[in-house]
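Shown next, in structure tokens, is the structure this report addresses.
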Amino acid sequence: MLFGGEHPLGQRLLLVFRAEPASLAPWLSDDFQLRPFLGLGIAGIWIERQERVSRLLPARLAATQSVVHHLYVTSKQAPHRDRAGVLIVRRDTSSRWKSWSTVGPELVRRHHARFRIRRGRESIDLVVDSDDRVMHVALAAQLSKELPACSAFRSIADATAFLQPGSSFLEAVEGTPKSEAPQSAKWRLQPLSVQRVESSLFGSHPSTGPLQFDSAFALRSIEWSWQQEPAFCGDAATA
């Protein structure tokens, strides 16, 4: 199934976009530089469903949906110099409480958004729109065994090696304690065959230039190991 209960942290999709590095420069701060793949800048949209245990609400109402737009970067600053990570561009959530709350000094603001999702056994049709009308994402896809022919990644192994999460990706995972960082994580990427994909942030934009859709994946069999340290994460908030 596209969304299986293989890991308690949730059910995840990853959409990948590519662009000439200059197109992504407006989102970068002085502390970070792009981590290119074959000379291309890489951006991603992380879509996650987290199950909440509640005796009062059915599972479909207790679950929280989130969308995190991010860039793949390395840090220029000590003590994380040259460490690979992600720079969060924008975060959206279906939870009104999370969109109102503020926790910690490094908070990347969460915007409230409405999620419309239809799932089949091996397919998904998803539309997400933020209340402020800045963020729109749409996806219609089904499971596949092959990467799209136009992908910059030459194989699933290439994609896995580049997209494997580092400690900074903790900040993109809602509900994980900020005092802990994943020392390592292993996941299995299963490609999606995409019939439709839309992104208001990562589409053609006058200030950032065109980003091209590259590939999409369902994330399976995720295993984490933990260490106690602050999460390395940058905030390139656009709103």
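A compact table of results
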| item | result |
| --- | --- |
| Subset of the stretch 72-107 that is modelled with pLDDT under 85, part of a loop (DSSP other than H, G, I, E, B) and more than 16 Å from Asp31 (Cα to Cα) - its residue that is most open to solvent (accessible area, probe 1.4 Å) | Pro105 |
| Single unsatisfied condition, Arg118 versus (1) at pLDDT 80 or above; (2) surrounded by 15 or more Cβ atoms within 10 Å (Cβ to Cβ) | (2) |
| Any hit, the stretch 183-193, residues being more than 17 Å from the chain's Cα centre (by Cα), open to solvent by 40 Å² or more (accessible area, probe 1.4 Å), basic (Lys, Arg) and modelled with pLDDT under 95 | no |
| Answer residue from the stretch 26-48, given it is within 23 Å of Met135 (Cβ to Cβ) and free of Cβ contacts under 8 Å to residues at least 60 places away in the same chain and is least open to solvent (accessible area, probe 1.4 Å) among those | Gly41 |
| Unmet requirement for Ala161, which otherwise passes all of (1) hydrophobic (A, V, I, L, M, F, W, C); (2) in contact with a Lys or Arg (Cβ under 9 Å, 6 or more places away or on another chain); (3) free of Cβ contacts under 8 Å to residues at least 40 places away in the same chain | (2) |
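The values are calculated or read from the model by the stated rules, or taken from the named source; none is laboratory data. Just so you know, these numbers come straight off a predicted model, no measurement behind them. Reconstructed Cβ throughout: ideal geometry from the backbone, glycine too, with neighbour counts over all protein chains shown. Side chains are part of the model used for accessible areas, which takes the heavy atoms of the whole protein and leaves out ligands, DNA and RNA. Shrake-Rupley method; radii C 1.70, N 1.55, O 1.52, S 1.80 Å.
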